[in-house]
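Presented below is the structure to which this report refers.
The values are calculated or read from the model by the stated rules, or taken from the named source; none is laboratory data. Here the structure is a predicted model, which means the values were calculated and not measured. Cβ coordinates were reconstructed from backbone atoms using ideal geometry, including for glycine residues, and neighbour counts include every protein chain displayed. Areas reflect the complete protein model, heavy atoms only, side chains present, ligands, DNA and RNA absent. Shrake-Rupley method; radii C 1.70, N 1.55, O 1.52, S 1.80 Å.
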Amino acid sequence: MTELLHAAAGRPATGPAFRLRVPTEEDAYAWHRAFDDVEVMEFHGGRPAELSVYHEFTARQRRHDAERGFCLWTLLDETGEVIGFTGAQPWPHAWGPAGRIEIGWRLARPAWGKGYATAAARETLNRVRAAGVDHVVAMVHTANTRSTAVARRLGMRLRDTLPVPGHEDAEAHCYGLEL
């Protein structure tokens with residue numbers, strides 16, 4: 001689905017116009033460029049990832065979409081520029097909310113503070129609900145105030161605080177939302 005969206009269905013057209021699409025092979029390059037920023041990666045390993053990580057990541061998202069009807073979709077602004085991703089996937093780690101569907105977002109630095117994450121995450125909630133998902137989680141580093149604000153705007157509630165394996169001083173909040 002790539003039509004231009006302004007807000008989740010049934011809501012007034014507020015927030016920025018955007019598109020969500022299943023990631024293409026070319027999106028690996030776009031995500032690599034968009035996330036090649038220490039600030040963007042602060043809560044995702046602390047440094048930009050290699051291009052090969054995004055090739056595997058976009059391929060995994062295409063599989064999720066084919067198998068489940070949802071994934072972490074490529075997020076495009078109103079001009080068609082790739083500005084990140086927003087969507088949902090099964091929680092990909094052995095720790096934390098195993099077996100749950102995680103909603104997530106990551107945006108290029110120039111797209112921050114413009115409402116894209118919240119607007120696209122609301123559309124994600126509509127899409128995963130339509131795919132039969134009845135509960136989602138969001139794992140957010142406790143110091144990530146921007147993502148915490150998005151989770152709260154979505155109506156998500158703090159369910160748990162968990163240590164992040166391999167990072168002795170890091171904790172993550174697990175937010176949950178019944179759909």
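Give me a count of the residues in the stretch 79-92 that are within 19 Å of THR24 (Cβ to Cβ), assigned to a loop (DSSP other than H, G, I, E, B) and not hydroxyl-bearing (Ser, Thr, Tyr).
Within the stretch 79-92, residues that are within 19 Å of THR24 (Cβ to Cβ), assigned to a loop (DSSP other than H, G, I, E, B) and not hydroxyl-bearing (Ser, Thr, Tyr) number 2.
Could you say whether any residue in the stretch 33-46 is among the charged types (D, E, K, R), in contact with a helix residue (DSSP H, G or I) (Cβ under 9 Å, 6 or more places away or on another chain) and over 29 Å from PRO163 (Cβ atoms)?
Start the filter on the stretch 33-46 by keeping residues that are among the charged types (D, E, K, R), which leaves 33, 36-37, 39, 42.
Among the residues that remain, those that are also in contact with a helix residue (DSSP H, G or I) (Cβ under 9 Å, 6 or more places away or on another chain) are: 37, 39.
Among the residues that remain, those that are also over 29 Å from PRO163 (Cβ atoms) are: none.
No, the stretch 33-46 contains no residue that is among the charged types (D, E, K, R), in contact with a helix residue (DSSP H, G or I) (Cβ under 9 Å, 6 or more places away or on another chain) and over 29 Å from PRO163 (Cβ atoms).
Determine, yes or no, whether VAL128 is more than 12 Å from the chain's Cα centre (by Cα) and within 22 Å of ALA59 (Cα to Cα). Talk me through it step by step, then tell me what you get.
Values: more than 12 Å from the chain's Cα centre (by Cα): yes; within 22 Å of ALA59 (Cα to Cα): yes.
Yes; evaluated as a whole, the condition is true for this residue.
In this structure, does VAL53 turn out to be over 19 Å from ARG127 (Cα atoms) and either hydroxyl-bearing (Ser, Thr, Tyr) or in contact (Cβ under 8 Å) with a residue 60 or more places away in the chain (or both)?
For VAL53, the condition - over 19 Å from ARG127 (Cα atoms) and either hydroxyl-bearing (Ser, Thr, Tyr) or in contact (Cβ under 8 Å) with a residue 60 or more places away in the chain (or both) - is not met.
Could you tell me whether VAL22 is β-branched (Val, Ile, Thr), open to solvent by 40 Å² or more (accessible area, probe 1.4 Å) and under 14 Å from the mean Cα position of the chain (by Cα)?
Criteria met by VAL22.
Just give me the residues in the stretch 49-100 being of a type in the set (Val, Ile, Thr), more than 17 Å from VAL137 (Cα to Cα) and touching a helix residue (DSSP H, G or I) at 6+ places or on another chain (Cβ under 6 Å), in sequence order.
If the condition is that a residue be of a type in the set (Val, Ile, Thr), more than 17 Å from VAL137 (Cα to Cα) and touching a helix residue (DSSP H, G or I) at 6+ places or on another chain (Cβ under 6 Å), then THR58, THR74, VAL82, ILE83 are the ones that fit.
Only residues that are open to solvent by less than 50 Å² (accessible area, probe 1.4 Å) and hydroxyl-bearing (Ser, Thr, Tyr): list them for the stretch 143-164, please. Break it down into steps so the answer makes sense when it comes.
First, pick out the residues of the stretch 143-164 that are open to solvent by less than 50 Å² (accessible area, probe 1.4 Å): 144, 147-151, 154-156, 162, 164.
Selection gives SER147, THR148.
Which of the residues belonging to the stretch 112-139 are without any contact (Cβ under 8 Å) to a residue 40 or more places away in the chain and crowded, with 19+ Cβ neighbours inside 10 Å?
Answer for the stretch 112-139, where residues must be without any contact (Cβ under 8 Å) to a residue 40 or more places away in the chain and crowded, with 19+ Cβ neighbours inside 10 Å: ALA117, ALA121, ALA138.
Which members of the stretch 97-111 meet the condition of being in contact with a strand residue (DSSP E or B) (Cβ under 6 Å, 6 or more places away or on another chain) and either surrounded by fewer than 19 Cβ atoms within 10 Å (Cβ to Cβ) or more than 15 Å from THR74 (Cα to Cα) (or both)?
Of everything in the stretch 97-111, those that are in contact with a strand residue (DSSP E or B) (Cβ under 6 Å, 6 or more places away or on another chain) and either surrounded by fewer than 19 Cβ atoms within 10 Å (Cβ to Cβ) or more than 15 Å from THR74 (Cα to Cα) (or both) turn out to be PRO97, ARG100, ILE101, GLU102.
Please go through the stretch 27-47 and pick out each residue that is surrounded by 11 or more Cβ atoms within 10 Å (Cβ to Cβ) and acidic (Asp, Glu).
ASP27, ASP36, ASP37, GLU42 - these are the residues of the stretch 27-47 that are surrounded by 11 or more Cβ atoms within 10 Å (Cβ to Cβ) and acidic (Asp, Glu).
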